[in-house]
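Written below as structure tokens is the structure these notes are about.
The values are calculated or read from the model by the stated rules, or taken from the named source; none is laboratory data. Small disclaimer: the values here were computed from a predicted structure and weren't measured. Don't worry about glycine lacking a Cβ; one is built from the backbone with ideal geometry, like all the others, and counts go over all protein chains shown. Keep in mind that these areas ignore ligands, DNA and RNA; they rest on the heavy atoms of the full protein, side chains included. Shrake-Rupley method; radii C 1.70, N 1.55, O 1.52, S 1.80 Å.
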Amino acid sequence: MEPADPIPISALQHVVYCPRQAGLIHLERLWSENRFTAEGQVLHAVVDKPAGRRTRGVRRVSSLPVASARLGLGGIVDVVEFHAGPDGETPFPIEFKRGKPKAHRADEVQLCAQALCLEEMTGRAVPEGALFYGETRRRDVVAFDATLRAVTEEAAGQLRAMFDSRKTPPAEY
């Protein structure tokens, strides 16, 4: 990966969960499919096809490319709902996950990074989004408060430093 290349938004989820995992996947390109990743691919089969539709005042776009020049991020949002309001449409990103909610904030950081990209691209505030977990079959709404935004920007900075140094962090046992 070239230093100027955008950081994949999905890498933020990895670095929050485990910086070494992020380095192994994104720097050293060490990745192997397993049952869990295969289940995730099945869940994403529908939303990974670019499409759009409108129902009840909500425009729904799947597989939407997003980027932030400020944070050096780029990726694809599974689904973005654009909710109609008196002053225009408000983006509402939705990230699909195979499992269930976790104790750490890695999934929330990935979703927040998508929101930060949408804000930069649309010029509209994105106050919240949702994580849809395949195991529970429901959405968990996530508010993009100042703390989550700060954690997300810190993770992006940590990844940029890792990518620039091209050094995978050591294991922490």
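The table below lists the values:
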| quantity | calculated |
| --- | --- |
| Residue within the range 159-167 that is in a strand (DSSP E or B) and either touching a strand residue (DSSP E or B) at 6+ places or on another chain (Cβ under 6 Å) or within 17 Å of LYS102 (Cβ to Cβ) (or both) present | no |
| Residues that are within 15 Å of the chain's Cα centre (by Cα) and either open to solvent by 20 Å² or more (accessible area, probe 1.4 Å) or in contact (Cβ under 8 Å) with a residue 60 or more places away in the chain (or both), drawn from the range 103-119 | HIS104, ARG105, ALA106, ASP107, GLU108, VAL109, GLN110, ALA113, GLN114, CYS117, GLU119 |
| Residue among ALA146, ALA130 that alone is among the small types (Gly, Ala, Ser) and open to solvent by less than 60 Å² (accessible area, probe 1.4 Å) | ALA130 |
| Count of the range 67-100 residues which are in contact with a helix residue (DSSP H, G or I) (Cβ under 6 Å, 6 or more places away or on another chain), hydrophobic (A, V, I, L, M, F, W, C) and open to solvent by less than 10 Å² (accessible area, probe 1.4 Å) | 2 |
| So ARG56, is it modelled with pLDDT of 65 or more, within 18 Å of the chain's Cα centre (by Cα) and either of a type in the set (A, V, I, L, M) or open to solvent by 20 Å² or more (accessible area, probe 1.4 Å) (or both) | no |
| Unique match (being assigned to a helix (DSSP H, G or I), at pLDDT 80 or above and closer than 28 Å to GLN158 by Cβ) among ALA67, ALA11 | ALA11 |
| Flag if LYS102 is at pLDDT below 95 and closer than 16 Å to LEU12 by Cα | yes |
| For VAL141: the one exception among (1) among the aliphatic types (A, V, I, L, M); (2) buried (at least 18 other Cβ atoms within 10 Å of the Cβ); (3) at pLDDT 95 or above | (2) |
| Test: residue in the range 149-160 that is open to solvent by 10 Å² or more (accessible area, probe 1.4 Å), without any contact (Cβ under 8 Å) to a residue 40 or more places away in the chain and under 13 Å from the mean Cα position of the chain (by Cα) | yes |
